[in-house]
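Below is one structure; the comments refer to it alone.
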Amino acid sequence: MTRVFSGIQPTGELHLGNYLGAIRNWTRLQHETDAIFCVVDLHAITVPKTPGQVGHDSLRLAQLLIAAGLDPEVCTLFVQSHVREHTEGGWLMQCSVSFGELSRMTQFKDKSDQHDFISAGLFTYPALQAADILLYDTDEVPVGEDQRQHIEITRDIAERFNSRYGETFVLPKAVVPRAGARVMDLQRPDAKMSKSLDSPKGTVGLLDDPKQIAKKIKSAVTDNDGEVRFDFAEKPGVSNLLSILGAATDQDPAALADSYEQYGQLKVDTADAVVALLEPLQARFRELEGDPAETARLLKVGADKARTVAAPVLARAKGNIGLLAD
Ligand code: TYM
């Protein structure tokens with residue numbers, strides 16, 4: 001069966017981009033594949049955090065993922081720091097990637113511009129991500145468009161390792177959704193929707209109040225020519241709305257454009273579709289929030305399952321390098 005692995009950082013509240021670009025596909029894939037999903041808390045500490053914050057955010061994120069439809073009885077859901085193989089594997093990956101390759105990563109360039117303290121971990125981040133993926137003999141990595149480069153470097157690392165030490169890792173491929181792979185900020189449609197942009201009016205949080213969601217979508221920036229057309233280069237604001245509506249209702253954004261004559265109706269329909277999509281998720285989240293011990297229990301089961309896959313793959317990698325057996 002196809003093995004799927006993906007990860008998500010516990011940083012602040014999730015937004016519509018995370019949902020349409022990744023999580024929604026995970027909920028489908030868990031029924032079709034052998035699927036493993038990880039709350040990547042060790043990636044989140046590549047930027048400074050206040051004590052306790054990451055643990056709190058990790059639990060909340062796990063609850064949100066379950067509320068969104070991940071079923072820990074069907075897929076494997078766990079927290080990265082609970083499976084030590086990730087850090088150990090991360091070191092092996094750091095030794096199989098070059099300084100030059102890491103210097104070309106756009107996520108590093110973007111993030112290092114936003115912080116005064118640039119940790120070494122932020123720079124070597126893709127090596128840890130490669131370990132996440134390769135430790136599970138992953139075939140497919142369902143992600144949004146912004147993660148393509150990290151999956152490419154993971155393949156390069158795996159190929160290099162395999163050619164140095166013999167066949168060890170499976171080469172994974174990125175799977176990016178047709179619609180929703182790159183949800184843009186509603187106020188700045190030239191930038192992807194992101195927590196770190198600090199654009200509260202342009203970012204739809206998954207737990208935003210439905211009225212707030214509708215208001216944000218209805219005040220999305222469009223343009224002055226009045227024509228509804230799917231064309232990201234010329235009409236980024238309108239195209240972003242079409243692509244959100246398309247992703248939310250499983251329709252083709254370009255075909256949807258033909259059914260609209262004006263922006264007003266497009267905004268109303270997009271707002272309605274997003275609210276309808278998120279309301280059930282929000283209701284389930286409120287229920288789960290009341291029982292953190294149950295979520296913690298589910299995450300422990302997930303970590304135990306994850307370890308049974310990751311440990312032998314790590315042992316295989318160390319064996320192929322020829323480290324002295326302990
Ligand atoms: P992260 O936590 O930033 O995002 C989680 C997922 O959400 C997608 N995404 C978007 N999709 C569409 N439009 C957007 N505006 C948008 N913003 C975010 C991301 O593409 C991602 O799929 N490095 C990864 C986490 C990671 C990982 C992994 C992923 C660590 N190890 C192993 C896959 C496999 C990250 O920072 O994602």
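The values are calculated or read from the model by the stated rules, or taken from the named source; none is laboratory data. Bear in mind the structure is a predicted one, so any value in this text is a computation, not a measurement. Here the Cβ is made from the backbone with ideal geometry for all residues, glycine too, and neighbour counts use every protein chain on show. For the accessible areas, the whole protein counts, side chains as well, though only heavy atoms, and no ligand, DNA or RNA atoms are used. Shrake-Rupley method; radii C 1.70, N 1.55, O 1.52, S 1.80 Å.
If R0 is taken as 22 Å, the Cβ-Cβ distance between residue 112 and residue 190 corresponds to a FRET efficiency of 0.60. 3J(HN,Hα) along region 142-150: x, 9, x, 3, 5, 9, 3, 4, 5 Hz, from the Karplus curve 6.51 cos²θ - 1.76 cosθ + 1.60 with θ = phi - 60°, whole Hz, x for Gly and Pro.
Of the cross-linked pairs 192/216; 109/235; 111/195; 173/300; 211/267, those separated by over 23 Å at the C-alpha level are 109/235; 173/300.
Working note: Karplus 6.51/-1.76/1.60 with θ = phi - 60° gives region 28-45 the couplings 6, 5, 4, 8, 9, 9, 8, 10, 10, 10, 10, 8, 8, 5, 6, 6, 5, 7 Hz, where Gly and Pro are set to x. In region 187-256, if the dipole is taken from +1 on Lys/Arg beta carbons and -1 on Asp/Glu beta carbons about the Cα centre, which of 239, 249, 199 is farthest to the positive end? Of 239, 249, 199, it is 199.
Separation of region 272-303 from region 143-220 is 21 Å, based on Cα centroids.
For residue 311 and residue 324, the difference between the fully extended length at 0.36 nm per residue and the C-alpha to C-alpha distance is 3.0 nm.
What is the sum of charges, Lys and Arg at +1 and Asp and Glu at -1, for the other residues whose Cβ falls under 13 Å from the Cβ of residue 279?
Details: positive: 211, 284, 286; negative: 208, 209, 272.
Cβ neighbours under 13 Å give a net charge of 0.
Whole-percent P(r), the chain, all Cα pairs, 20 Å bins from 0: 31, 57, 12, 0. Between the amide H of residue 184 and those of 193, distances stay under 5 Å, these residues lying 5 or more places away or on another chain, with hydrogens modeled in the peptide plane. So what's the back-of-envelope 222 nm ellipticity for the chain, counting only DSSP H runs of four-plus at -39500 (n - 2.57) apiece and dividing by all residues, rounded to 500? So the calculated ellipticity at 222 nm is -16500 deg cm²/dmol. With the cut-off at under 17 Å, measuring from each backbone N in region 253-277 to a point 7 Å along the Cα-to-Cβ line of residue 234 picks out 254-263.
The apolar share of the surface of region 1-59, taken as the fraction of accessible area on carbon and sulfur atoms (1.4 Å probe, ligands and nucleic acids excluded), comes to 55 percent.
Think of a 1.4 Å ball rolled over the protein heavy atoms: the chain then has 46 Å² of accessible area per residue.
Ignoring ligands, DNA and RNA, what percent of the 1.4 Å accessible area of region 188-262 is carbon and sulfur? Looking at region 188-262 in its full context, I get 46 percent from C and S.
Among rounded, prolate and oblate, which fits region 259-326 when a ≥ b ≥ c are the square roots of the eigenvalues of its C-alpha gyration tensor, a/c under 1.5 means rounded, and a/b larger than b/c means prolate? Don't skip to the answer; put the middle values down first.
Working: a/c = 7.48, a/b = 2.10, b/c = 3.57.
Oblate.
Give me the net charge of residue 267's neighbourhood, meaning all other residues with Cβ under 11 Å from the Cβ of residue 267; Lys, Arg count +1, Asp, Glu -1.
On the way: positive: 215, 216, 218; negative: 269, 272.
With Lys, Arg at +1 and Asp, Glu at -1, the net is +1.
Kirkwood hydrodynamic radius of region 242-297, from the reciprocal of the average inverse Cα-Cα distance over all distinct pairs: 13.2 Å.
Counting Lys and Arg as +1 and Asp and Glu as -1, what is the net charge of the other residues whose Cβ lies under 12 Å from the Cβ of residue 251?
For residues surrounding residue 251, the net value is -3.
Among beta bridges from DSSP that stay inside the chain, the antiparallel ones total about 10%.
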